[in-house]
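Asker: This is the structure I want to talk about, given as structure tokens.
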Ligand SMILES: [Zn+2]
């Protein structure tokens, strides 16, 4: 384990897990039956000081921008989901939803060498944000997503579909444009059960693949890509002072006016 010194830049991988259950011992501690998060189940997320086990720390390079350091965690969620897509260069991926996780999926997939990534997003603001980063975006309210995917893949369908939207329309469309024996990777929080056309899975021997959090592998991969300048925060990350966090942070997020908020505790 790395030694740490006062002043080191770090990213916190905030998972608590038992280390003893079958999932932990298999290496999948992100699915531990007693999973907990620092900042959710324990204080710390917005505290001036907090204490974490040293094993939660990932060292960042000395010149690593701290705003990116704070984004390692959400980008690791997306990176983990991207890995579960089992894609190779030359494959086609479809991402539903261009919120922070959808944007993170786009960066992660591109970082893995997947150049053909189509993002489906009904909000024009979100389409603009990810489109300006270079993504190919579709508006499902005016474009036939399935037809576009079938055409772009010469009839094969998407080699992986990622659901970062969590709405019935995304699931139905996603399952309808999946290639055979391919994963529909779910990294959304479904507020209630939705109808799922499972017949599309059976016909193509495809599968739904859940994605939960991340492991240290994802943290290290994201940190490495960020250190290379792979992640651009233009147009989707906003920094607000702690004094404005209710109006400019929580309320703005709830109203859909902002996408990802960084809180500056020094102002
Ligand atoms: Zn466990």
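What follows draws every value from the coordinates through simple rules; no lab data is involved. Every value quoted in this text rests on a predicted model; they were computed, and no experiment measured them. A quick note on method: Cβ atoms are made from the backbone with ideal geometry, for glycine too, and the neighbour counts reach across all protein chains shown.
Asker: Please report, in cubic angstrom per residue, the volume enclosed by the convex hull of the alpha-carbon atoms of the chain. Please list the in-between numbers first.
Answerer: On the way: hull volume 38.6 nm³, N = 267.
Per-residue hull volume (Cα only) is 145 Å³.
Asker: Still on this structure: Using the C-alpha gyration tensor of region 114-176, what are the square roots of 5 times its eigenvalues, in whole angstrom, with the largest one first?
Answerer: On the way: eigenvalues 63, 43, 24 Å².
Rounded to whole Å, the semi-axes are 18, 15, 11.
Asker: State log₁₀ I(q)/I(0) for region 167-243 at q = 0.18 Å⁻¹ as given by the Debye formula over alpha-carbon point scatterers of equal weight, solvent excluded.
Answerer: The calculated log intensity ratios at q = 0.18 Å⁻¹ are -0.92.
Asker: Just the projected area, averaged over all directions, of the convex hull on the alpha carbon atoms of region 1-155: how many nm²? Present the calculation step by step, with values, prior to reporting the outcome.
Answerer: Numbers: hull surface 48.8 nm².
Seen from a random direction, the Cα hull of region 1-155 projects 12.2 nm² on average.
Asker: Using a Gaussian network model of the chain whose springs link C-alpha atoms within less than 10 Å, name the residue from 25, 92, 173 with the highest mean-square fluctuation.
Answerer: Most flexible of the set in this elastic network: 25.
Asker: Right, here's the next one. What's the angle, to the nearest 10 degrees (0 to 90), between helix 66-83's Cα axis and the longest principal axis of the chain?
Answerer: Orientation of helix 66-83: about 40 degrees from the principal axis.
Asker: From Cα pairs below 8 angstrom and at least 6 apart in sequence, can you work out the relative contact order of the chain, rounded to a whole percent? It would help to have the intermediate numbers written out before the result.
Answerer: Values: 454 pairs, mean separation 45.8, N = 267.
Taking the mean separation of contacting Cα pairs over the length of the chain, I get 17 percent.
Asker: Please report, for the Cα atoms of region 76-210, the Rg to one decimal and the Dmax as a whole number; what are they, in angstrom?
Answerer: 13.2, 37
Asker: By how many degrees, between 0 and 90 and to the nearest 10, does the Cα long axis of helix 100-111 differ from the longest principal axis of the chain?
Answerer: Once rounded, the angle reads 80 degrees.
Asker: Mind jotting down the three principal axis lengths of region 10-65 based on Cα atoms? Whole angstrom, largest first.
Answerer: 38, 24, 15
Asker: Could I ask something else about it? Relative to a virtual label point 7 Å from the Cα of residue 228 in the Cα→beta-carbon direction, which members of region 64-83 show backbone nitrogen distances below 11 Å?
Answerer: The answer is none, because no backbone nitrogen lies closer than 11 Å to the label point.
Asker: As an exercise, use a Förster radius of 41 Å and the Cβ-Cβ distance of residue 136 and residue 47 to find the FRET efficiency, rounded to the nearest 0.05.
Answerer: Working: r = 41 Å, r/R0 = 1.00.
The pair residue 136/residue 47 has a calculated efficiency of 0.50.
Asker: What order, most packed first, do the peptides 197-209, 129-141, 160-172 have when packing is the mean number of other Cβ atoms within 10 Å of each residue? Present the calculation step by step, with values, prior to reporting the outcome.
Answerer: Values: 197-209: 13.5, 129-141: 17.0, 160-172: 23.3.
Output ranking for 197-209, 129-141, 160-172: 160-172, 129-141, 197-209.
Asker: From Cα pairs below 8 angstrom and at least 6 apart in sequence, can you work out the relative contact order of region 114-263, rounded to a whole percent?
Answerer: Numbers: 175 pairs, mean separation 22.3, N = 150.
Worked out over region 114-263, it gives 15 percent.
Asker: Nearest 10 degrees, 0 to 90: what angle lies between the long axis of helix 216-227 and the longest principal axis of the chain (Cα atoms)?
Answerer: 90
Asker: I've got another one for you. So in the chain, what percent of DSSP beta bridges are antiparallel if you round to the nearest 5?
Answerer: Working: 5 of 31 bridges.
In the chain, DSSP labels about 15 percent of beta bridges as antiparallel.
Asker: Now a separate question. Based on DSSP H runs of at least 4 residues, each adding -39500 (n - 2.57), what is the mean residue ellipticity at 222 nm of the chain after dividing by all its residues, to the nearest 500 deg cm²/dmol?
Answerer: The helix-only estimate for the chain comes to -8500 deg cm²/dmol at 222 nm.
Asker: Picking from 253, 105, 57, which is most flexible by a Gaussian network model of the chain using Cα springs under 10 Å?
Answerer: Of the options given, 253 has the highest mean-square fluctuation.
Asker: Continuing with the same structure: Hey, in the GNM for the chain with a 10 angstrom Cα cutoff, which one of 191, 224, 143 fluctuates hardest?
Answerer: Highest fluctuation of the listed residues: 191.
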